[in-house]
1. Among the residues that make up the stretch 1-18, is at least one of them over 17 Å from Val188 (Cα atoms), part of a helix (DSSP H, G or I) and of a type in the set (Phe, Trp, Tyr)?
2. Are any of the residues in the stretch 210-229 small (Gly, Ala, Ser), over 22 Å from Ser172 (Cβ atoms) and out of contact with any Cys (no Cβ under 6 Å at 6 or more places or on another chain)?
3. Pull up the stretch 150-173, narrow it to residues that are outside any helix (DSSP H, G or I) and more than 19 Å from the chain's Cα centre (by Cα), then point me to the one that is surrounded by the fewest Cβ atoms within 10 Å (Cβ to Cβ).
4. Check whether at least one residue in the stretch 87-97 is hydroxyl-bearing (Ser, Thr, Tyr), buried (at least 16 other Cβ atoms within 10 Å of the Cβ) and farther than 18 Å from Ser7 by Cβ, and report yes or no.
5. Looking at this structure, is Ile144 hydrophobic (A, V, I, L, M, F, W, C) and farther than 22 Å from Ile40 by Cβ?
6. Within the set of pairs 6 or more residues apart or between chains, which connect a residue that is touching a residue at least 40 places away in the same chain (Cβ under 8 Å) inside the stretch 31-45 to a residue that is among the aliphatic types (A, V, I, L, M) and assigned to a strand (DSSP E or B) with Cβ atoms less than 6 Å apart?
7. Ser193 fails exactly one of the following numbered conditions: (1) within 17 Å of the chain's Cα centre (by Cα); (2) surrounded by 14 or more Cβ atoms within 10 Å (Cβ to Cβ); (3) over 18 Å from Ala23 (Cα atoms). What is the number of that condition?
Amino acid sequence: MLKLSFSTGTLYHLPLRTTFALAHEVGFEGVELVLGPEVILRGAAYVRQLSQQYSLPVLSVHPPIVPYPGQHKAARILPRLVSLAEQVDCHLVVLHTPKVTTPEKAQWTEFVGALLRQRERSNPGVQISLENSGIFWESDALYILHDMHRLRNFADRYDLPLTFDTAHAGTSAYELLEAYALLVGRIVNVHFSDLVHRRIFPDWPPLYNFFKHHQMPGEGILPLTKFVHALLTTGYTGIFTLEISPTAVQAWNLSQVRERLAKAIGFVRQLEQQALLAARS
């Protein structure tokens with residue numbers, strides 16, 4: 001069965017203890033810890049305490065959702081993420097790719113240098129995975145690693161694992177299964193959510209994460225049934241992280257959050273059963 005993890009970013013506004021408690025209650029097997037203010041203020045020891053209390057290991061560490069100075073610079077954020085991972089006994093860090101169009105740019109050189117230096121310095125038990133990026137503005141498609149082929153080539157060149165985000169893949173130039181096929185073999189973590197086409201006001205791309213991307217699985221346009229079947233057919237054994245928008249789980253109402261998360265888990269387990277039956281027939 002898929003190892004179900006819950007992104008704490010879904011409930012970024014709630015106390016971390018509440019997030020761990022809810023994740024444990026509805027049946028997750030671990031969490032993806034998003035670096036946030038409470039994690040920074042209370043430290044790794046508090047995270048370890050929650051992890052032990054709720055029997056939820058930290059399966060991956062993710063950059064902060066709310067921007068703060070220096071977040072976009074790999075040389076500053078990556079050491080912090082890796083250090084946090086080491087302190088909470090986590091073996092995987094998720095890293096976003098840089099918004100740069102040519103390798104001649106200083107930002108590209110800094111990114112690659114920081115990535116390689118950190119990999120050499122850190123515990124070999126901690127992997128750094130690159131996440132495929134979503135397309136919000138037309139110009140996003142011009143960035144080097146926003147293209148699936150170039151992302152795969154880069155991962156192969158530097159022997160890097162990948163985190164595959166289904167909603168992000170749905171915004172790319174590739175169909176979801178086509179995008180997965182391009183990256184299969186490198187993927188160690190899946191960010192699982194749906195994508196919807198709806199009109200929002202104001203139609204401002206930064207709002208897409210809340211109202212269009214990272215929606216409840218099964219309530220959008222992505223062929224998630226076929227995706228999970230493909231995932232299991234190719235023998236995937238990595239982390240499977242539900243990364244859903246706070247608006248999609250109705251995060252202002254804890255009873256609704258509980259119900260929506262349980263529904264999402266049920267959806268995934270049902271797809272697993274369908275894939276198993278299909279394999280036997």
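The values are calculated or read from the model by the stated rules, or taken from the named source; none is laboratory data. Source: prediction; values computed, not measured. We place every Cβ from the backbone using ideal geometry, glycine too, and count neighbours over all the protein chains shown.
1. To start, the set of residues in the stretch 1-18 that are over 17 Å from Val188 (Cα atoms) comprises 8-18.
Checking which are part of a helix (DSSP H, G or I) leaves us with 8-11, 16-18.
Those still in the list that are of a type in the set (Phe, Trp, Tyr) too: none.
No - not one qualifying residue is present in the stretch 1-18.
2. Filtering the stretch 210-229 for residues small (Gly, Ala, Ser) gives 218, 220.
Pick out the ones that are also over 22 Å from Ser172 (Cβ atoms) and you get none.
The answer is no, given that none of the residues of the stretch 210-229 is small (Gly, Ala, Ser), over 22 Å from Ser172 (Cβ atoms) and out of contact with any Cys (no Cβ under 6 Å at 6 or more places or on another chain).
3. First, the residues of the stretch 150-173 that are outside any helix (DSSP H, G or I): 159-165, 171-173.
Those still in the list that are more than 19 Å from the chain's Cα centre (by Cα) too: 159, 173.
Numbers: Asp159: 8, Ala173: 12.
Once the filter is applied, the top-ranked residue is Asp159.
4. Here is the first cut: in the stretch 87-97, the residues hydroxyl-bearing (Ser, Thr, Tyr) are 97.
If we keep only those that are buried (at least 16 other Cβ atoms within 10 Å of the Cβ) as well, we get 97.
Then keep just the ones that are farther than 18 Å from Ser7 by Cβ; that gives 97.
Checked the stretch 87-97: at least one residue is hydroxyl-bearing (Ser, Thr, Tyr), buried (at least 16 other Cβ atoms within 10 Å of the Cβ) and farther than 18 Å from Ser7 by Cβ.
5. Yes: the conditions hold for Ile144.
6. Leu33/Val58; Leu33/Val61
7. (3) is the only condition that Ser193 fails.
Okay, residues lined up against (1) part of a loop (DSSP other than H, G, I, E, B); (2) at pLDDT 95 or above:
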residue: Glu32; (1), (2): no, yes
residue: Gly43; (1), (2): no, yes
residue: Gln49; (1), (2): no, yes
residue: Leu78; (1), (2): no, no
residue: Leu84; (1), (2): no, yes
residue: Asp89; (1), (2): yes, yes
residue: Val93; (1), (2): no, yes
residue: Arg119; (1), (2): no, no
